[in-house]
Each structure stands twice: as C-alpha cells, then as structure tokens.
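S.K.: One structure follows; several queries about it will come next.
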Amino acid sequence: MATKKVVRVRVDRERCQGHARCAALAPELFGLDQFGNGRELGDGTVAEALEAKARLAQTNCPEFAIDVIEE
Ligand code: F3S
C-alpha cells in the first residue's frame, strides 16, 4: 500500500527577517509572532489543497527562510 506523502512548511527562525509575505500570501499556513517574524501555524502540515500556496510563499520569501518538506 502506498503511503501518502505529508507536506510541511517550516520557517527558519535564523533567516526570517519579518517581511511577512508568507502570512500575506498564505494566511492558512503562516502567522507572525510578537516580533513580526513568520511562523508556520500548528505543526506546519499542509493540506493538499494548499500545497501551491505553500510553494508560492516559499518562492516569495526574500530571505529564503521557508522550507517546504515532503515526508
Ligand atoms: Fe519571514 Fe520570509 Fe515570512 S522573511 S515573515 S518567512 S516572508
């Protein structure tokens, strides 16, 4: 039986400079912490319907701080 892939997003806390594009483009997946830095919501799991948005956020982060991980 094929295992279904799980896609997760993760914000690299060291790289993020608070540009907030992630939260603007994919508010279902990212929020901002009290310092205005991006954070993945919950455990970062991306519903299949939101995968394109996850990649959009990744390509629009000027600091390359967003990882999209397939497990
Ligand atoms: Fe940070 Fe990039 Fe989002 S710099 S706030 S992860 S767009």
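Rule-based calculations on the coordinates, nothing more; no lab input. The structure displayed is predicted, hence computed values, not measured ones.
S.K.: May I ask for the angle, rounded to the nearest 10°, between helix 51-60 and the longest principal axis of the chain, with both axes built from Cα atoms and the value confined to 0 to 90°?
M.R.: It works out to around 30 degrees.
S.K.: Could you give me D for the chain, from Stokes-Einstein at 37 °C and 0.692 mPa s, where the hydrodynamic radius is the Kirkwood radius over C-alpha pairs? Units µm² s⁻¹, please.
M.R.: 274 µm²/s
S.K.: Quick one: which residues, 5+ away or cross-chain, put their amide H under 5 Å from the amide H of residue 18? H built at 1.01 Å from N.
M.R.: When sequence neighbours closer than 5 places are left aside, the close amide H contacts are 38.
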